[in-house]
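The block underneath contains the structure these notes are about, expressed in structure tokens.
The values are calculated or read from the model by the stated rules, or taken from the named source; none is laboratory data. Bear in mind that the values here come from a model prediction, so they are computed numbers and not experimental data. Glycine gets a Cβ as well: all are built from the backbone with ideal geometry, and neighbour counts include every protein chain shown. We work out accessible area using only protein heavy atoms, side chains counted, and drop any ligands, DNA or RNA first. Shrake-Rupley method; radii C 1.70, N 1.55, O 1.52, S 1.80 Å.
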Amino acid sequence: MSDIRNVIVIGSGPAGYTAALYTARAQLKPLVFGGAIFVGGALTTTTEVENFPGFPEGIDGPVLMENMRAQAEKFGAEMIDDDIVAVDLTGDIKTVTDTAGTVHRAHAVIVATGSGYRKLGLPNEDALSGRGVSWCATCDGFFFRDRDIVVVGGGDTAMEEATFLTRFARSVTVVHRRSTLRASQVMQNRAFSDDKISFAFDSEIAEIKEKDSKLSGVLLRDVFTGETRDLDVTGLFIAIGHDPRTELFKGQLDLDSTGYLKVAAPSTRTSLPGVFGAGDVVDHTYRQAITAAASGCQAALDAERYLAALA
Ligand code: FAD
């Protein structure tokens, strides 16, 4: 059985690394589980990040995450790039189990497991992420000035993304599998009244086309007739939802109806003492690197105070 750590952080995105940095500088010697294959989190799947403060020229996503990791390690954070496959967070001593079956113990746990964007499941989709394919208009819209773009989805998020993208794009085509939208009436009205937005109903993306490692177009398919047509676009925004990574915590921590981890805002306290939540696993509203990092800081400060009260 391992020693009892002060704090274990689960996740190595901006939330996890920031929580690691703050708890390390507070001399708490955090142990960080960064995941087996997704070390560095969502930003490692993109190229240029232009909206993280402090980098006027922008910074490559994977480089930003390597820097965050190095900064936390410099102050004593210990990193293990493995998945946690089981947790018991109910007692005063929390346990987390890695893929080798080793049980790690701590007085406090910070959950920063993020959330995953739903994908279309098409070849090229991942390879062209940050090269024409995006899941975040706030993050990437600026790169698509005067371009023709397609947005996939029929809910509020898709309408919001499409409307936002008209600030930059020459045209936005919303592709939706059904003949009516799921979005609220007000969001629909806004999109319908925008001259730059057109709609391809009863349609789906059949193929993502690539040229010179960039998105060069999509093939649309009518879901009823099977008929296909080319759409000449250089941007594809996928807005069909996201899933928080909370499977591990079901039955122990309170989750909301969509599976997000509930915290007692404005704190990061979850429903169990000594367990804190940070980043996109908690937040279905802002979902940015800076907001994830900020809540990682808050979780670290909450954990510090919790541990100080135990002493
Ligand atoms: P994540 O970054 O998702 O990290 C979650 C971490 O948890 C990962 O390290 C994963 O390995 C780990 N994990 C999950 N489950 C386990 C487990 N069981 N055991 C161990 N570890 C686990 N935001 C911006 O501000 N600017 C941008 O330009 C921008 N561009 C983006 C481009 C793309 C393609 C994507 C997908 C997102 C982009 N975002 C951008 C959003 C930003 O990346 C996220 O808001 C941010 O990464 C969320 O941070 P997080 O730490 O909460 O989670």
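Only one of D280, D302, D254, D243 is within 12 Å of the ligand (Cβ to nearest atom), open to solvent by 20 Å² or more (accessible area, probe 1.4 Å), at pLDDT 95 or above and under 23 Å from the mean Cα position of the chain (by Cα). Can you tell me which?
Among D280, D302, D254, D243, only D280 is within 12 Å of the ligand (Cβ to nearest atom), open to solvent by 20 Å² or more (accessible area, probe 1.4 Å), at pLDDT 95 or above and under 23 Å from the mean Cα position of the chain (by Cα).
Of the residues L231, L261, only one is in contact (Cβ under 8 Å) with a residue 12 or more places away in the chain, touching a helix residue (DSSP H, G or I) at 6+ places or on another chain (Cβ under 9 Å) and among the aliphatic types (A, V, I, L, M); which?
L261
If a residue has to be surrounded by fewer than 19 Cβ atoms within 10 Å (Cβ to Cβ) and modelled with pLDDT of 95 or more to count, how many in the stretch 148-163 make the cut?
Number satisfying all stated conditions: 1.
I'd like to check something: does the stretch 98-114 contain any residue that is without any contact (Cβ under 8 Å) to a residue 12 or more places away in the chain, more than 16 Å from the ligand (Cβ to nearest atom) and surrounded by fewer than 22 Cβ atoms within 10 Å (Cβ to Cβ)?
no
Consider the stretch 56-67. How many of its residues are free of Cβ contacts under 8 Å to residues at least 60 places away in the same chain and crowded, with 16+ Cβ neighbours inside 10 Å?
Selection size over the stretch 56-67: 4.
Which one is nearest to V109 (Cα to Cα), of the residues in the stretch 82-98 that are in contact with a strand residue (DSSP E or B) (Cβ under 8 Å, 6 or more places away or on another chain) and assigned to a loop (DSSP other than H, G, I, E, B)?
Applying the filter and picking the extreme gives L89.
Out of all the residues in the stretch 1-41, which are within 15 Å of the ligand (Cβ to nearest atom), in a loop (DSSP other than H, G, I, E, B) and in contact with a Leu (Cβ under 8 Å, 6 or more places away or on another chain)?
G13
Count, please, the residues in the stretch 193-227 that happen to be surrounded by 13 or more Cβ atoms within 10 Å (Cβ to Cβ) and over 21 Å from F143 (Cα atoms).
14
Being more than 13 Å from the ligand (Cβ to nearest atom) and among the small types (G, A, S) is the filter here, so list the residues in the stretch 50-97 that pass it.
Matches in the stretch 50-97: A70, G76, A77, G91.
Can you tell me which of S134, S171, S129 is of a type outside the set (A, V, I, L, M) and touching a Lys or Arg at 6+ places or on another chain (Cβ under 9 Å)?
Only one candidate qualifies: S171.
Under 8 Å by Cβ, and 6 or more places apart or on different chains, what pairs join a residue from the stretch 199-213 that is on the phi > 0 side of the Ramachandran plot with one that is open to solvent by 70 Å² or more (accessible area, probe 1.4 Å) and of a type outside the set (A, V, I, L, M)?
D202/R177; D202/R178; D202/S179; D202/F224; S213/R131
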